[in-house]
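Notes for the one structure printed next.
The values are calculated or read from the model by the stated rules, or taken from the named source; none is laboratory data. A quick note: this is a predicted structure, and the numbers were derived from the prediction, not measured. Reconstructed Cβ throughout: ideal geometry from the backbone, glycine too, with neighbour counts over all protein chains shown. Just the protein is used for accessible areas: all its heavy atoms, side chains included, with ligands, DNA and RNA removed. Shrake-Rupley method; radii C 1.70, N 1.55, O 1.52, S 1.80 Å.
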Amino acid sequence: MFDSDRPYIIAGPCSAESEEQVMGTATALKAVGVGVFRAGIWKPRTHPGCFEGIGEKGLDWLRRVKDELGMKVCTEVASFRHVEACLKAGVDILWVGARTTANPFLVQEIAKSLAGTDTPVLIKNPISPDLELWAGAVERFRRQGVDDLGLIHRGCTTSKKIIYRNSPEWHVAVGMKSRFPELPFLCDPSHMAGKSEYVAELSQKALDLGFDGLMIESHRDPSCALSDAAQQLTPDGVAALLSSLKVRRNDSDEAGYRAAIETLRARIDVIDKEIVEALGERMEVSREIGRIKKESNISIIQTLRWESLMAGVRADAAAHGLDPDDIAAIFDRIHGASVAEQNRIIEDK
Ligand code: PEP
Ligand code: MN
């Protein structure tokens, strides 16, 4: 689906709203070099009563974008009816939205309705950081013989307080990339960011991590958008973003090597950060256990519990191709730090 030298860019409004908005935005995006136009026709909104998409008549506008501007067009499908309407209208690329990927019934229905066609399908991650659910959606399409597939990572819902609308959860994307290295992989920095000011930094991060391209929301007048107003860029904003992105190329063996190393290091940095965050969370739980043990007058070290924990860690290590002794040694240190912390809590009057 993608040419490998430059990031593959899809851009367009969250929703198709009117023929003028679609044609105006598409014309402006084409002028800044975008070749693939997106627009939602049916919108999965959190609350009823919000703008739920213009419906099928918007497909005629996408047809105009395709015929008059020569751009490829893509939209979201969430049912077999959507698929039928899109195939009839000649939509070039379909995508499955995050809420739909989370629903195996719908994924199955969509996959089945695409059997025997060759329209490319991009599958967004489910809203929860659930790699298996995402992988399952890929498998459902493949079982129907729908093989022109790609992935879009748009981040995940979280209860944590973060600056972005959706938590990047890069490790989920990294896991999918290792599971399906052959699939083109895009990032949707717009839904991840939630605010236009964060789109550039997330786009750069995605390219640094080795994503093949970006799906960016762009509206000719974002402040008037009927959905996702805060996160959309103007077409000029898209142009500025694209020219600011640092893209690593494989010009020579040497440069290729460096690019690969930098991509892998960026992934390692993300993973390390997550390890440290998880350790912080673990210690917080351990402190809580310390407080409860203190209240109930229970000793800190319970040998049986420690032994079963270590047996589990060793088994997990082996299952992940790691040396159980190495991992056990690391957990010894982690356990030691927890015990020391619980000691402090118990001694604290
Ligand atoms: C969209 O792309 O407009 C959309 C609804 O995205 P997501 O499924 O990622 O929420
Ligand atoms: Mn949107």
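Is it the case that some residue within segment 1-10 is within 16 Å of ligand 2 (Cβ to nearest atom) and surrounded by 14 or more Cβ atoms within 10 Å (Cβ to Cβ)?
yes
Quick check on my filter: what residues within segment 151-169 are in contact (Cβ under 8 Å) with a residue 40 or more places away in the chain and open to solvent by 20 Å² or more (accessible area, probe 1.4 Å)?
Passing the criteria: ARG165, GLU169.
If I filter segment 83-98 for residues that are open to solvent by 40 Å² or more (accessible area, probe 1.4 Å), assigned to a helix (DSSP H, G or I), within 16 Å of ligand 1 (Cβ to nearest atom) and of a type in the set (A, V, I, L, M, F, W, C), do I get at least one hit?
Our first condition is that a residue be open to solvent by 40 Å² or more (accessible area, probe 1.4 Å); within segment 83-98, this holds for 84, 87-88.
Narrowing the set further to residues that are assigned to a helix (DSSP H, G or I) leaves 84, 87-88.
Filter again for within 16 Å of ligand 1 (Cβ to nearest atom), leaving none.
No - not one qualifying residue is present in segment 83-98.
For every residue, the table says whether it meets (1) in contact (Cβ under 8 Å) with a residue 60 or more places away in the chain; (2) among the small types (Gly, Ala, Ser); (3) open to solvent by 70 Å² or more (accessible area, probe 1.4 Å); (4) not in a helix (DSSP H, G or I).
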site: GLU254; (1), (2), (3), (4): no, no, yes, no
site: TYR257; (1), (2), (3), (4): no, no, yes, no
site: MET283; (1), (2), (3), (4): no, no, no, no
site: SER286; (1), (2), (3), (4): no, yes, no, no
site: LEU304; (1), (2), (3), (4): no, no, yes, no
site: GLU307; (1), (2), (3), (4): no, no, yes, no
site: ALA311; (1), (2), (3), (4): no, yes, no, no
site: ARG314; (1), (2), (3), (4): no, no, yes, no
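So which residues in segment 185-206 are more than 12 Å from ligand 2 (Cβ to nearest atom), within 13 Å of the chain's Cα centre (by Cα) and open to solvent by 10 Å² or more (accessible area, probe 1.4 Å), if there are any at all?
Listed by number, the list holds a single entry, LYS205.
Would you tally the residues in segment 207-232 being in contact (Cβ under 8 Å) with a residue 40 or more places away in the chain, within 16 Å of ligand 1 (Cβ to nearest atom), on the phi < 0 side of the Ramachandran plot and open to solvent by 20 Å² or more (accessible area, probe 1.4 Å)?
2
Among the residues in segment 28-37, are any more than 16 Å from ligand 2 (Cβ to nearest atom), closer than 25 Å to PHE185 by Cβ, surrounded by fewer than 13 Cβ atoms within 10 Å (Cβ to Cβ) and not aliphatic (A, V, I, L, M)?
No: zero hits.
I'd like the full set of residues that are hydrophobic (A, V, I, L, M, F, W, C) and either closer than 30 Å to GLN108 by Cβ or in contact with a Ser or Thr (Cβ under 8 Å, 6 or more places away or on another chain) (or both), limited to segment 62-77. Working first, answer last.
Keep residues of segment 62-77 that are hydrophobic (A, V, I, L, M, F, W, C), which gives 62, 65, 69, 71, 73-74, 77.
Once the filter is applied, which keeps residues that are hydrophobic (A, V, I, L, M, F, W, C) and either closer than 30 Å to GLN108 by Cβ or in contact with a Ser or Thr (Cβ under 8 Å, 6 or more places away or on another chain) (or both), segment 62-77 yields LEU62, LEU69, VAL73, CYS74, VAL77.
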